[in-house]
Each structure stands twice: as C-alpha cells, then as structure tokens.
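**Student:** Shown below is the structure under consideration.
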Amino acid sequence: MDLFTPVALGDLELANRIVMAPLTRLRGGSAGVPGDLIVEHYRQRASAGLIITEGTYVNFESQAFVGQPGIVTDEQVAGWRRVADAVHERDGRVVLQLMHGGRVTHPDVNGGRRVVGPSAIAIDGQVHTEQGKQPYPAPHALTIDEIPSVVDDFVASARRAIDAGFDGVEVHSANGYLLHEFLSPASNVRDDEYGGSAENRIRLVVEVMKAVSAAVGAGRVGLRISPEHNIQDAVETDRDDVRAVYGALVDALQPLGLAYLSVLHKEPTGDLAQELRKRFGGKVIANSGFGSPTTRDEAVQLIDDSHADAVAVGRALIANPDLAERWRDGQPENAPRPELFYASGAEGYTDYPFLQTV
C-alpha cells in the first residue's frame, strides 16, 4: 500500500489516503448556512480521498465562531446537501464534522445563549466576537440532568448530516472543545460520574459515540482526538494521566467498529500515538500538521512505514485544491495565504489555481 492506493475506512471507500482535515474557515455567514462559496470550496477539493468538513455546530449554544456553519435548521441542512451533492458529482467522499464548542464561545457569538462546559472554569484569553475581542466567560457547568441533551443533539445532527447526503460524520473530541473539555483534568474538575477518574472523564465521549453509531451506523462514524495538544486551556501535561484517559477511551470504543480514529499529535510515529492506534484496533488517520504543515514526504512516509492508514492534511489542501494530483505526480504546490484563512470572501478560499482547469 502507499499514499495513493485506495483504502476502506469502515463503510467509507477512499480512492487515496489523503484526507482533507477539518478546517475552520468562517464563511457560513450570520445564519450559518453553507452557500455558493462553501459549496465551491469543497467541490474543488473532491479528489482528496476523503473530505472532513469544518466543525459544524450541533445546537445554537454550541456555536464557537462568528461565521461558523451549523447543522441545526432546515436551511443549514439544505446548504450542506448542496455541498455533499457537489463532492459526489466529482466522485468524492465527504463526512461532516459534528462539533460542540463548549466553553470556547461567548454570548455575542452564539446569539445571546449561555456558555457551557464540564466545570465553571473560564479559558484564560479572549474570544473574537462581532463586538470585538472579549474575555471568555466562565461557563455554566452542565448538570447531570442536562448532559443527555448534549448526546441527543449530536445524534440529531448526525441524522441530519446523513439525510443531507453525507457519507458519514466525524465527532469532534479535540482541540479544547466540549468533549475534549470533559477529558482534560484542567477543564474538568467534576466530582460526579463525569469527572475524576479516567473512566468518568471519558464517559460523555463514549455515550456520544455509542448513540451516534447506533443512529447512523458505526461504519460511517469517526472520532477526532488530540491528546497532549494543550490548546484552549484543555491542558494534558501528565503523560501517565493521558495514557490512562485515552487508553481507556480507545479500549471502550474498540468494540463499536467505528470507521476510523483521527489522532492529532505532534509525534504520529511516537509511543503514545502508536499505542492508541494498536489498542483501537481499527483504521487510524494521522494528523501531525497543526504546528507545521504536513508535507508530501511526511505523508508518504507515514503510510509506507505503516504508522497510519490515511493522513489528514490541512494547509496544503487549502492552497492546492488538486493536491492529490500534485502529490501523485510530484508537481509544485501553491503557497497558502494564511492572512486569508479566516476572511469572508472568495479570495484565499476558492481562487487558488489548479494545475489544469477542473
């Protein structure tokens, strides 16, 4: 096998092992509805083996960014249906990433709604709102009675995604958002069955994964994790605790038969990432590119050395919609324009040149 050979991730049949990483791009407008720009953006990149969409909010209070799309309203579902159709018209595969922002938001972002988390601990920093930068507020600590509604919202959104024509869904449990907040001892100081021990801190993630898998089929469901990423105050600096928490998590997920596990870690060939891969027992997508862009050589090596089954790529796919063809043929790449990553228009989004017109 190599980077350019097909692979099956559960029910997902990929033409190659290049996966478009979920990339926040903030082009959803005030209503969170995917429009022509978003449709064209994903359509252009359909030659990647699999597209994972940007994180998409599962209820209104879970919106983390101004301009983030959702999968809550009928209009949002209709917009995403256009995306799925456009990717499928080019024989691509696409899954929708389901995301609850947790405490990574503000009432001026999520429409005046509350901010929630596992514990009432605010992030030390500022959030971008339509009124400018503001300090993150202390979240409302979800009660035992409120937690089932979080699971229900993930399930309802997964069903909406499948109804919209997506090939599957990815559950976001990384980068300091709600599900990751429950895993991290820095953001979760609960003393009930959702806090404290490794078994308790993984409980919500496991409940979500079981419920979503039962609703839409485990072979169409992936999970994204980012152990030791230490972003947005979801700090995990005790390796023994990390191994206990994430080991217990993958052990609990192993019997479900998920499509894949996506592991964001700076050392994808290191002991932790490879231990989690072995214990998970299924297909694993490696993603090392948060700190520095993933290169062709790195991606090729990860597959050639059997350290992963596929490789998630971000910035290179932003700048090169035909990256799969460029990497396969050893062609030069466009340089990304990071100053436009979070802009609002077509520039730096759908105007990167192709080697040839699509």
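**Student:** Assess whether ALA214 counts as being in a helix (DSSP H, G or I), of a type in the set (A, V, I, L, M) and surrounded by fewer than 15 Cβ atoms within 10 Å (Cβ to Cβ).
**Tutor:** Judged against the criteria, ALA214 is a match.
**Student:** Here's another thing I want to ask about it. What pairs can you find where one residue is in segment 16-32 and at positive phi, the other is assigned to a loop (DSSP other than H, G, I, E, B) and open to solvent by less than 20 Å² (accessible area, probe 1.4 Å), and their Cβ atoms are less than 6 Å apart, with a gap of 6+ or different chains?
**Tutor:** LEU26/GLY67; GLY32/PRO69
**Student:** On to the next question. Is at least one residue of segment 133-144 among the aliphatic types (A, V, I, L, M), open to solvent by 40 Å² or more (accessible area, probe 1.4 Å) and either touching a residue at least 12 places away in the same chain (Cβ under 8 Å) or in contact with a strand residue (DSSP E or B) (Cβ under 9 Å, 6 or more places away or on another chain) (or both)?
**Tutor:** Yes, segment 133-144 has at least one match.
**Student:** Of the conditions (1) of a type outside the set (A, V, I, L, M); (2) modelled with pLDDT of 95 or more; (3) within 21 Å of the chain's Cα centre (by Cα), ASP271 satisfies every one except a single condition; which number is it?
**Tutor:** Exception for ASP271: condition (3).
**Student:** Looking at segment 237-249, can you tell me whether even one residue there is in contact (Cβ under 8 Å) with a residue 24 or more places away in the chain and closer than 22 Å to PRO6 by Cα?
**Tutor:** No, segment 237-249 has no match at all.
**Student:** If you check PRO107, PRO69, PRO118, which single one turns out to be within 23 Å of SER213 (Cβ to Cβ) and either touching a residue at least 24 places away in the same chain (Cβ under 8 Å) or open to solvent by 10 Å² or more (accessible area, probe 1.4 Å) (or both)?
**Tutor:** Step by step, each of PRO107, PRO69, PRO118 is checked, and only PRO118 is within 23 Å of SER213 (Cβ to Cβ) and either touching a residue at least 24 places away in the same chain (Cβ under 8 Å) or open to solvent by 10 Å² or more (accessible area, probe 1.4 Å) (or both).
**Student:** Got a sec? Which of MET20, MET1 is under 17 Å from the mean Cα position of the chain (by Cα) and more than 30 Å from ILE147 (Cα to Cα)?
**Tutor:** Criteria check complete, one pass: MET20.
The values are calculated or read from the model by the stated rules, or taken from the named source; none is laboratory data. Quick caveat: nothing in here was measured; it's all calculated off a predicted structure. Cβ: placed from backbone, ideal geometry, glycine included. Neighbour counts: every protein chain shown. SASA here: full protein model, heavy atoms, side chains in, ligands and nucleic acids out. Shrake-Rupley method; radii C 1.70, N 1.55, O 1.52, S 1.80 Å.
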